[in-house]
Amino acid sequence: MISVLSGCTHLGVAAIAVLSSVPALAADKTLTIYTYESFISEWGPGPKVKEAFEKTCECQVDFVGVADGVALLTRLKLEGDASKADLVLGLDTNLVAEAKQTGFFDVHGVDTSAVKVPGGFSDDTFIPYDYGHFAVVYDTQALKTPPKSMKELVEGDPSQKIVIEDPRTSTPGLGLLLWVKSIYGDEAPAAWQKLKGRILTVTPGWSEAYGLFTKGEVPMVLSYTTSPAYHMVAEETERYQAAAFSEGHYIQIEVAGLLKNAPEKDLARKFLKFMLSPGFQNTIPTNNWMMPAAPTSEPLPEAFGKLVSPSKTFLMSPEEVAANRKAWIDEWLAAMTLK
């Protein structure tokens, strides 16, 4: 979930932002959508999505933002059945089994035949709306010999630092945790102990990490293979590149779901259907800087043809992640704090 790649530090996991429309004209209904902050920032997809949907629904769309997808699920658990949300937009497939276990979500009832994501993903509760592979993005002016594999990242020069995200609070951090686990299995704790020496800091979410990277504080950051497209399209520079790892890359598929207690359930289902149309999907490549999960009405910018194309994709089942997430995070914490 990438909405801006420079100057984008958002502090505080619990920080909340609300993007509301001007006073509604003829709108007599309000659709409340919980999502992550960067999605509804002025440069993210949110404002365009809001404008496009409100033209069709005679309603007002209110986005409520929290720091990240993991924080989003945490907020839902805290609010329980009292949540005022109709929809949640911004979880990923690593969290959907745990999200279903809360009992808060309803079946969507939407035709998802238009969805095309690597490896496929079909679910009666959550709808994919974009995807991207996690990657180490590096500054070519600061790092002449980037790692070509996870092994080289783990065992490389500790003076060449990377900033990563916390798996307890962010979906990219969780993605890296699962990526390392997919490659190293039971040897993951040893790999984290080696990698620890290269980590400058661990941030709560992606925005803080990428902000440090673009400010020149660190030559590498955990982000996405699509991140360089932003720099090529918006800044007309190829300075920032993703490192292609020989073992393959872990994928993130972002999803949206409908809450059982949604005050505007019919309107929410209409929005879920809209998410798979070009009116929504056209905003993804150059606002969220991810790959669209359904057809767009326009071709992707030329820069997307220059991006790293992973030779192998890792993706654990939601059930496997739900069954092991706490244990693997505890394992990560132990390795990161061990001297």
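The values are calculated or read from the model by the stated rules, or taken from the named source; none is laboratory data. These numbers were taken from a predicted model, which means no experiment stands behind them. Cβ sites come from the backbone with ideal geometry, for glycine too, and all protein chains shown count toward neighbours. We work out accessible area using only protein heavy atoms, side chains counted, and drop any ligands, DNA or RNA first. Shrake-Rupley method; radii C 1.70, N 1.55, O 1.52, S 1.80 Å.
For the chain, what does -39500 (n - 2.57) per DSSP helix run (n ≥ 4), summed and divided by total residues, give at 222 nm, in deg cm²/dmol to the nearest 500? Walk me through the numbers before you get to the answer.
Details: 11 runs with 110 residues, N = 339.
Only helices count here, giving -9500 deg cm²/dmol.
Would you please give the FRET efficiency between Lys55 and Lys148, computed as 1/(1 + (r/R0)^6) with r the Cβ-Cβ distance and R0 = 45 Å, to the nearest 0.05?
Calculated transfer efficiency: 0.40.
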Which residues does a label at Thr125 reach in the range 30-57, if reach means a backbone N under 20 Å from a point 7 Å past the Cα toward the Cβ? 33-36
Under 14 Å from a point 7 Å along the Cα-to-Cβ line of Lys265: which residues of the range 84-124 have their amide N that close? 86-87, 104-110
To make sure I understand the rule: partners must be lysines, Cα under 22 Å from the Cα of Lys100, and not fewer than 8 residues away in the same chain. Which ones qualify? Lys77, Lys84, Lys260, Lys265, Lys270, Lys273, Lys326
First measure r as the distance between the Cβ atoms of Ser246 and Val107, then evaluate 1/(1 + (r/R0)^6) with R0 = 51 Å and state the FRET efficiency to the nearest 0.05. 0.80
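If you take the Cα Rg of the range 45-148 and divide it by 2.2 N^0.38 Å, with N the number of residues, what do you get?
Working: Rg = 17.5 Å, N = 104, 2.2 N^0.38 = 12.8 Å.
After normalising by residue count via 2.2 N^0.38 Å, the value is 1.36.
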Tell me, what is the per residue accessible area of the chain in Å², probe radius 1.4 Å? 40
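If I take every Cα pair under 8 Å that is 6 or more residues apart in the chain, average their sequence separation and divide by the length, what percent do I get for the relative contact order? If you can, show how the numbers build up before the last one.
On the way: 707 pairs, mean separation 91.8, N = 339.
Relative contact order here is 27 percent.
Ignoring any ligand, DNA or RNA, what whole percent of the accessible area of the chain comes from carbon and sulfur when the probe is 1.4 angstrom? Working shown, then result.
On the way: 7100 of 13620 Å².
Roughly 52 percent, rounded to a whole number.
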What distance in nm lies between label points placed 7 Å from Cα along the C-beta direction at Glu238 and Lys215? 3.0
Report the normalised scattering of the range 240-339 as log10 I(q)/I(0) at q = 0.17, 0.18, 0.21 Å⁻¹, calculated by the Debye formula with identical scatterers on the alpha carbons. -1.06, -1.10, -1.16
